[in-house]
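Have a look at the structure below before the remarks.
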Amino acid sequence: MYVVVNAAMSADGKLSTREREQVEISGPADFDRVDALRAESDAVMVGVGTVLADDPSLTVDGDARRERRRDAGKPENPARIVADSRVRTPTDARVLDDRAETYLLTSEAAPQDFVAEISEAGAEVVSAGEQQVDLPEALAQLEDRGIERLMVEGGGELIFSLFAADMVDELSTFVGPAVIGGWKAPTLADGDGFVDDFPELSLRDVERVDDGVLIRWDVP
Ligand SMILES: NC(=O)C1=CN([C@@H]2O[C@H](COP(=O)(O)OP(=O)(O)OC[C@H]3O[C@@H](n4cnc5c(N)ncnc54)[C@H](O)[C@@H]3O)[C@@H](O)[C@H]2O)C=CC1
Ligand SMILES: Nc1nc(O)c(N)c(N[C@@H]2O[C@H](COP(=O)(O)O)[C@@H](O)[C@H]2O)n1
């Protein structure tokens, strides 16, 4: 599986505010690029923190892009994946609507009645790991279901875990023209953080987009 992480951060490296309120960091050209990235992917993934904060749909906006996917024999939207160890996704979350297939990655710690409710609400549940989703195992199960190109949008906890598991192939960050601040505000990679053995990145390219900068890295 090829894993692309894409996120937008403020000039000071924050993904959202200390209240975890979504901020439009990207401008129109960057949002359009993100839509194209979604359309090129087999699945789009977030952590449940992002579902609870933003209630995203994770679908493709552009009609022409959805049509191209249909013409290629694919579903018009990529699958949606939520890492949600204990099933905190609300049953009325937009990721559970019928616009795309949705996988909920859970662990053995997930209460079985929540698992039943979320399955009833339309998600396919994939269990891997004891207390927290074991990402390599869960993503291997999804690869078996045909997901080869995965786009990850965030948030910071999930992105850190994917780097910690050495599962990221490419990182795109749009750095936008705002300062959000706040030590509690989510950053690109949160979790426990690294103290040594930092993942090394190789700069692919840098481009001015809207009023910010798009930086693309390969993760060798
Ligand atoms: N600016 C941007 O591009 C984006 C911003 N965001 C922002 O990020 C914030 C949410 O980020 P976070 O709070 O960090 O939550 P998150 O979206 O990274 O979800 C973390 C949660 O996922 C679950 N999880 C299950 N297995 C896991 C594993 N192996 N590793 C890590 N997490 C696992 C846990 O319940 C954990 O608390 C929101 O404020 C949202 O607005 C989110 C996506 C993109
Ligand atoms: N690329 C990007 N730029 C921003 O400025 C953002 N705030 C985000 N947020 C992410 O986009 C998701 C919203 O998805 P839908 O449009 O509802 O499908 C949100 O949940 C964050 O993952 N991304």
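The values are calculated or read from the model by the stated rules, or taken from the named source; none is laboratory data. It should be emphasised that the depicted structure is a prediction, and the values quoted were computed from it without experimental measurement. Ideal geometry is used to build each Cβ from the backbone, glycine not excepted, and the neighbour counts take in all protein chains shown. All accessible areas refer to the heavy atoms of the entire protein, side chains included, with ligands and DNA or RNA removed. Shrake-Rupley method; radii C 1.70, N 1.55, O 1.52, S 1.80 Å.
Dipole magnitude for region 67-220: about 520 debye, using +1 per Lys or Arg Cβ and -1 per Asp or Glu Cβ, origin at the Cα centre. Length, then width, then depth: along the principal axes, the Cα atoms of the chain run 45, 45, 34 Å. Each principal axis of the Cα cloud of region 1-60 was evaluated for its coordinate range; sorted largest first, these ranges are 32, 26, 19 Å.
Here the extension length gained between residue 207 and residue 98 equals 35.6 nm, from 0.36 nm per residue of separation less the Cα-Cα distance.
Each part reduced to its alpha carbon centroid, region 112-150 and region 1-78 end up 20 Å apart. Counting only protein chain heavy atoms and rolling a 1.4 Å probe, the accessible areas of 153, 200 rank, largest first, as 200, 153. Our summary gives region 2-218 a relative contact order of 31 percent, counting only alpha carbon pairs under 8 angstrom and 6 or more residues apart. Residue 22 sits among other residues whose Cβ lies under 11 Å from its own Cβ, and their net charge, with Lys and Arg +1 and Asp and Glu -1, is -4. Looking at the chain alone, DSSP beta bridges between its own residues are antiparallel in about 35 percent of cases.
Accessible area ranking (1.4 Å probe, heavy atoms, ligands and nucleic acids excluded), largest first, for 184, 74, 14: 184, 74, 14. For the chain, adding -39500 (n - 2.57) for each run of n ≥ 4 DSSP H residues and dividing by the number of residues yields -7500 deg cm²/dmol at 222 nm.
For region 2-218, the carbon plus sulfur part of the accessible surface works out to 45%, probe radius 1.4 Å. Using every pair of separate Cα atoms, the Kirkwood estimate puts the hydrodynamic radius of region 144-220 at 14.1 angstrom. Residues whose amide H comes within less than 5 Å of that of residue 83, counting only those at least five positions distant or on another chain, are 46, 47, 48, 105 (H built at 1.01 Å from N in the peptide plane). In the complete set of protein chains, residue-level accessible area for residue 115 is approximately 20 Å², probe 1.4 angstrom. FRET efficiency for the pair residue 194 and residue 31, taken as 1/(1 + (r/R0)^6) with r the Cβ-Cβ distance and R0 = 22 Å, rounds to 0.15. Modelled label positions at residue 67 and residue 131, each set 7 Å beyond Cα in the direction of Cβ, lie 5.2 nm from each other.
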